[in-house]
Structure formats: C-alpha cells, structure tokens
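One structure below.
The values are calculated or read from the model by the stated rules, or taken from the named source; none is laboratory data. All values reported here derive from a predicted model rather than from experimental measurement. Cβ placement follows ideal geometry from the backbone for every residue including glycine, while neighbour counts extend to all protein chains displayed. Just so you know, the surface numbers come from the protein's heavy atoms only, side chains and all, with ligands and any DNA or RNA stripped out. Shrake-Rupley method; radii C 1.70, N 1.55, O 1.52, S 1.80 Å.
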Amino acid sequence: MTDTNSVAVVDDDFAAAPKAPEAAGARAAAWGGKGLNAGIAIAGVLTVAGLALWAVQLTGGMAQTAMRNLDSWGLYITMFMFFVGLSAGGLIISSVPKAFGIRGFGGISKVAVMSSIAATVAAIGFVVVDLGQPLRVWELFAYSNLGSPLMWDIIVLATYLILSCAYLWAQVRAEAGRVSSTALRVISVVALVCAVLVHSVTAWIFGLQQGREMWHTALLAPWFVSSALVCGTGLVICVAAALRRAGYLALEQAYLVKLAKLLGAFLVVDLYFFGCDLLTEAFPGGEGLAVVDMLVSGPLAPFFWGEVVLCVAAAVVCFTPSLRTTPLLVAASAAAVLAILCKRVQLLVGGFQLANVDLPGAVTPMTLTNWEAGLQGAYQGLVYWPAPIEWGVALGVVALAVLVFLLGLKFLPLRPQD
C-alpha cells in the first residue's frame, strides 16, 4: 500500500491525508441537505421536460426547429462547442498540478473533474438531440469514415468521458492509498493531453471546411483551447465559491485569487488570438473583410462587442488586487463564461451568415429560415435564431448536466480530506 503523504506529486487534496485512510464509502453521503435535494429535484424535473420536448421534436421532425438546409447547425451545436470548452477547462485545471508536481488550488481537484464530467455529458447530449434520427447512430460506427473530423470527434469525446471518470476514480482511490503516485501522475498527464486534443478536434470540424470563410483558419484549434481555459477556469471559480459558501469546501481566499490570476492570463491570450484573427481577415481586404464587417457592425455586432467588453471587464477585475473580492471574482468569472458563449454564437451563426453559394436553388421553407423575404432579404438580418422547442430541449440538456453534478456532490467523496 502506498503512503500518499510521501508522494512526489504535491496537491492539496492529499496534503493532510490522515495516517489511517478513511473508507470512501463512509464519506460518500456525508454532505447534503434540503437545498441540495431541492436542486436535484428541480434539475430532474427540467431534464424530464426536456426529454418530452425532444420526443415531440423526433415525432414532428427537425422542421420544427429554426435550422434549415443553408444553416443546418444551430443552438444545439453552439452549446456543444460551449460545453466541450467547459469540460476541457475543468479537467486541465485539475490535471496540471498533478502532471507537473506543483501545488494545486486548495483541494478543488475532484470537484473540477466532476464539473468536467457533467459538462461532457451535456456536450454529448447536445450532439444526440441534434440528430434527426438518433436510432440510426449505429451507422456512424458501421460505416465510419476515419478520414472525417466528425468521426475523430466522436472517438475523442467518448474517450474523454471515460478517461475523466477513470481520473476521478483514481483520485478517490489515491486518497485511500490504493493508487500509487506514479499511476495517478500518468493518468493526469494522459488526461491533460486528451483535454487539449478534444477541443482541438472540435475546432477542426469547423476549421477544415474550406467553403466557410469565417471557419477556415489554422488559428481555430489553439483559439478553442484558450477559450476552453477561460470558460473552464471561470466555471471552477464560480463552483468553488458557491461550494465554499454552502459549507462544502473550506477554501482559502488565496486559492481563488490564484485561479483569478490564471483566468486573467487566459483572457489576455484569448483576446490576443481574437485580434490576430481579425487582423488576418481584414488586412488583405478580400472576403475576410466581410467577416469583420459582419462582426463589428453587422447582425452579430451585439455578440462581438459583448464578448470584448465582458473579457476586458473580467481581466480588469482579475488583475486589480483591490477588486479581488469573492463577489467580484464570481462576477468576473461569470462574465468570462458568458463572453465565450458569445464567441461560440459568433462562430457558428457567422459561418452561415455569409452565403457561399450563388444559386442555392428554390427558396422554400426547407432551405431558408426567413424564406418569405427571398435569399437577399433573408441575409439582411440573422439567418438563424432558435425556435421555442430548441430552447426547451437545450434547457433539458443543461439540466441533465446540473443533475449529474449535484448527484456527484451528494453521493461521491469529492471533498478533500481534512
């Protein structure tokens, strides 16, 4: 049996482990109350409601949504990108300290991994509800094309979910002295690589499409990773502050400040990538200039300027010592998460906003959302805005992620040892 007090990996989850390891099962149901049970009940009801709306969508077909032939991805894929970022960021925050043998962030490692698992469940859920015929999903594997980025993403995302669960299990077992420090460190390194890879592959689904001016850039993969670090770190700060307020974690303010400094650095890098992309698009004055005009002063301007303002405001809070109070740090983190959501809306809708075909054929309700105004009229405003049924189904998937996370808090030993 390995003594976790003498491991090479320095992490706050194991910094004060007792000499006689406590059984995980005895700690599993040690926390909870009416508030947690009410949250679980509400999330369960919303999940069931989302499933009912998805059943309506399946029976009536995807024509009930606002997606059409010329803008075939919408709210579901936007949220898929967003939740993949949330999941990758949380796992990176957890795995980096163990992979490099540095101090962690006050014992929030297992909570961060649990948030990653919940976000990954939501990401997979959004892909499933985007399928018009989910019962035919087996064809993806029976007739798979390994040269397609879509197939890469399916493989990586499934591997990522399994690895996240294995990583959480390994951390719990390491506290009980049943997993060696070397094995935990190896798993953390693999988890870190997989976290970067899952977001890179998601970016390649868009970036390798030559027909979409806004998507076709080599910068998209590292930009996705930086965005994942922003929203993932922001999510971890919000969750850690909330759990500390609820009495679940005894987290020192210094650890929140440490995370906030990281968040500020990630925000600056993400804004740098954004500026590089805009300059590359606009400077030659070709088709890329239309992309910049669409973002700066066109239909997507509210999302563009919303992202910029939110990122700058969050960075100011993170870098100003006098502003690093818990309420402001939570507000800055929420602003950073919302900014990345604005980025995802820009990316997905913006890719369809500029028509890439001269003769799309007959303009019908099945080809364009705003088909009554014709092709030119349809592209004057936003080409896509979610239908009510899409909002309902999306809320159900988000509720499923919240349900998974809250059940983890209630039944799994996610708190660090005293």
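The portion of the accessible surface of the chain made up by carbon and sulfur, rounded to a whole percent, is 70 (1.4 Å probe; DNA, RNA and ligands excluded).
Where only protein heavy atoms count, and the probe is 1.4 Å, what is the accessible area per residue for the stretch 195-295 in Å²? Each residue of the stretch 195-295 exposes 41 Å² on average to a 1.4 Å probe. Rounded to whole numbers, the Karplus 3J(HN,Hα) couplings from phi for the stretch 185-200 are 5, 4, 4, 5, 5, 4, 5, 5, 4, 5, 5, 5, 5, 5, 7, 5 Hz, using 6.51 cos²θ - 1.76 cosθ + 1.60 with θ = phi - 60°, and x at Gly and Pro. Among Gln57, Gln353, Gln133, the largest mean-square fluctuation in a Gaussian network model of the chain, built with springs joining Cα atoms closer than 10 Å, belongs to Gln133. Per-residue 3J(HN,Hα) values for the stretch 203-213, derived from phi via the Karplus relation 6.51 cos²θ - 1.76 cosθ + 1.60 with θ = phi - 60°, read 5, 5, 4, 8, x, 8, 8, 5, x, 10, 4 Hz in sequence order (x marks Gly and Pro). When the chain is treated as a GNM, springs tying every alpha-carbon pair under 10 Å, which of Gln376, Gln171, Gln253 comes out with the largest mean-square fluctuation? Residue with maximal mean-square fluctuation among Gln376, Gln171, Gln253: Gln376.
Computed 3J(HN,Hα) for the stretch 40-57, one whole-Hz value per residue from the Karplus formula 6.51 cos²θ - 1.76 cosθ + 1.60 where θ = phi - 60°, is 4, 5, 5, 4, x, 5, 5, 5, 4, 4, x, 4, 5, 5, 5, 4, 4, 4, glycine and proline marked x.
Would you work out the charge dipole size for the chain about its Cα centre, treating the Cβ of every Lys and Arg as +1 and the Cβ of every Asp and Glu as -1, and quote it to the nearest 20 debye?
Numbers: 21 positive and 22 negative charges, 297 e Å.
I would put it at about 1420 debye.
Structure remark: mean-square fluctuation, Gaussian network model of the chain, C-alpha springs under 10 Å; the largest value among Leu323, Leu382, Leu135 belongs to Leu135.
What percent do you get for the relative contact order of the chain when only Cα pairs under 8 Å and 6+ apart count? Each step should come with its number before you reach the end.
Details: 629 pairs, mean separation 128.2, N = 418.
Relative contact order of the chain: 31 percent.
Can you classify the stretch 24-174 as rounded, prolate or oblate using the Cα gyration tensor, where a ≥ b ≥ c are the square roots of its eigenvalues, rounded means a/c under 1.5, and otherwise it's prolate if a/b beats b/c and oblate if not? Oblate shape, in that a/c is at least 1.5 and b/c is the bigger or equal ratio.
In the stretch 141-208, the ratio of gyration radius to Kirkwood radius, Rg to Rh, stands at 1.12 when only Cα atoms are counted. The modelled label-to-label distance between Trp391 and Leu150, using points 7 Å beyond Cα along the C-beta direction, is 2.9 nm.
Loop-resident trypsin sites (Lys or Arg not before Pro) (DSSP state other than H, G, I, E or B) in the stretch 200-297 with no more than 12 further Cβ atoms inside 10 Å of their Cβ are absent. Please work out whether the chain counts as rounded, prolate or oblate from its C-alpha gyration tensor, where a ≥ b ≥ c are the square roots of the eigenvalues and a/c under 1.5 means rounded, while otherwise a/b larger than b/c means prolate and anything else oblate? Cα axes put the chain in the prolate bin.
Percent relative contact order of the stretch 61-218, based on C-alpha pairs within less than 8 angstrom and at least six residues apart?
Numbers: 152 pairs, mean separation 44.3, N = 158.
Value for the stretch 61-218: 28 percent.
Between rounded, prolate and oblate, where does the stretch 339-408 land on the alpha carbon gyration tensor, with a ≥ b ≥ c its root eigenvalues, rounded for a/c under 1.5, else prolate if a/b exceeds b/c?
Details: a/c = 3.58, a/b = 2.25, b/c = 1.60.
Because a/c hits 1.5 or more and a/b exceeds b/c, the stretch 339-408 counts as prolate.
Using the Cβ-Cβ distance between Arg136 and Glu287 with R0 = 25 Å, the FRET efficiency computed as 1/(1 + (r/R0)^6) comes to roughly 0.10. Within the stretch 250-315, the GluC sites (Glu not before Pro) that combine a DSSP coil assignment with at most 14 other C-beta atoms in a 10 angstrom radius are Glu252. Restricting the trypsin sites (Lys or Arg not before Pro) of the stretch 68-166 to loop positions (DSSP other than H, G, I, E, B) with no more than 14 neighbouring Cβ atoms within 10 Å leaves Arg103. On a per residue basis, the stretch 351-391 carries 58 Å² of accessible surface, using protein heavy atoms and a 1.4 Å probe.
If you stretched the chain out fully between Ser297 and Val309, how much longer would it get, using 0.36 nm times the residue separation minus the C-alpha to C-alpha distance? It would help to have the intermediate numbers written out before the result.
On the way: separation 12, 0.36 × 12 = 4.32 nm, distance 1.51 nm.
The span from Ser297 to Val309 would gain 2.8 nm if fully extended.
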